[in-house]
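Beneath this line is the structure, given in structure tokens, with notes to follow.
The values are calculated or read from the model by the stated rules, or taken from the named source; none is laboratory data. All figures in this text were calculated on a predicted structure; none of them were measured in a lab. Positions of Cβ are backbone-derived with ideal geometry, glycine not excepted, and every protein chain shown enters the neighbour counts.
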Amino acid sequence: PDQRLGAAAMVLRGFALPYVREVMPALAAIEAQSPFRHMVTPGGFTMSVALTNCGALGWTTDRSGYRYTSTDPDTGQPWPGMPAVFARLAREAATAAGFDAFEPDACLVNRYLPGSRMSLHQDKNERDYDAPIVSVSLGMRAVFLFGGHKRTDPTVKVPLLHGDVVVWGGVDRMRYHGVMPLKDEPHALLGSRRINFTFRKAG
Ligand code: MD3
Ligand code: FE
């Protein structure tokens, strides 16, 4: 069943399933234009998660910091456009969670392979903290860590399965969060991968 994680955060179980058939070819086109790559954090660590973006703005990191850019630093070209089915999925999920008229300008696409993880962090590079964030999980299951407003606050573990969508906003927007190292439990459609789309209003 759908699950409330906080006052303004909820899991919509299986919400993305009806969109998957249209989303996968759109993802293939994005990958062909702006391939997945491993970026380096300001601290000098190479991320175990590989990423790409679509939409007007894309999230990037290098030794000089985290930021949103309108072009892909690897290709020098604009990020691939946001496919209509992505925008529709994000808007309809936001509406289902009580956030009206969500129009994301950025979609970060994270690719996890077995062993990939994301350490606890806050998302604070966006201009508008009032807009929600919509996160779509496809492929292998992951254990999501949902913390508090301090890095040392206790975390709750939330399994995220193929098709699950999480919507975060309001008072839960700045919570620490992360993803435990993925186990290799191949998925019927995606194999040994997990894809996460994170829709944001960044500009
Ligand atoms: C909770 N990605 O890219 S998305 C990220 O599964 C990121 O790839 C994770 O965290 C992933 O920054 C989780 C879910 C998410 C996104 C933003 C949040 C959870 C959040 C902001 C506040 C609280
Ligand atoms: Fe995050």
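Look at Pro18 and say whether it is over 15 Å from Ile195 (Cα atoms) and either of a type outside the set (S, T, N, Q) or crowded, with 17+ Cβ neighbours inside 10 Å (or both). Against the criterion (over 15 Å from Ile195 (Cα atoms) and either of a type outside the set (S, T, N, Q) or crowded, with 17+ Cβ neighbours inside 10 Å (or both)), Pro18 qualifies. The condition (being assigned to a loop (DSSP other than H, G, I, E, B) and hydroxyl-bearing (Ser, Thr, Tyr)) is satisfied by just one residue among Ser48, Ser119, Ser137: Ser48. Among the residues of the range 84-101, those that are part of a loop (DSSP other than H, G, I, E, B) and touching a strand residue (DSSP E or B) at 6+ places or on another chain (Cβ under 7 Å) comprise Ala97, Phe99.
Just one of the listed residues (Gly163, Gly203, Gly170, Gly191) is within 14 Å of Arg111 (Cα to Cα) and away from ligand 2 (no atom under 15 Å from the Cβ), and it is Gly191. The single condition from (1) surrounded by 19 or more Cβ atoms within 10 Å (Cβ to Cβ); (2) more than 11 Å from ligand 1 (Cβ to nearest atom); (3) among the aliphatic types (A, V, I, L, M); (4) modelled with pLDDT of 95 or more that Ala202 fails is (4). Against the test of being out of contact with any Leu (no Cβ under 9 Å at 6 or more places or on another chain), of a type in the set (Lys, Arg) and surrounded by fewer than 19 Cβ atoms within 10 Å (Cβ to Cβ), the options Lys157, Lys124 yield a single qualifying residue, Lys124. Considering each residue of the range 190-199 in turn, none proves to be at pLDDT below 95, more than 11 Å from ligand 1 (Cβ to nearest atom), in a loop (DSSP other than H, G, I, E, B) and surrounded by fewer than 21 Cβ atoms within 10 Å (Cβ to Cβ). Scanning the range 148-160 for residues that are more than 16 Å from ligand 2 (Cβ to nearest atom) and either of a type in the set (Ser, Thr, Tyr) or closer than 12 Å to Leu138 by Cα (or both) yields a count of 1. The condition (being of a type outside the set (Ser, Thr, Tyr) and exposed (fewer than 15 other Cβ atoms within 10 Å of the Cβ)) is satisfied by just one residue among Asp164, Asp172, Asp184: Asp184.
Residues in the range 41-91 that are closer than 30 Å to Lys183 by Cβ, hydrophobic (A, V, I, L, M, F, W, C) and surrounded by 13 or more Cβ atoms within 10 Å (Cβ to Cβ): Met47, Val49, Ala50, Leu51, Cys54, Trp59, Val85, Phe86, Leu89, Ala90.
Scanning the range 125-138 for residues that are more than 11 Å from ligand 1 (Cβ to nearest atom) and either modelled with pLDDT of 95 or more or over 23 Å from Gly98 (Cα atoms) (or both) gives no hits.
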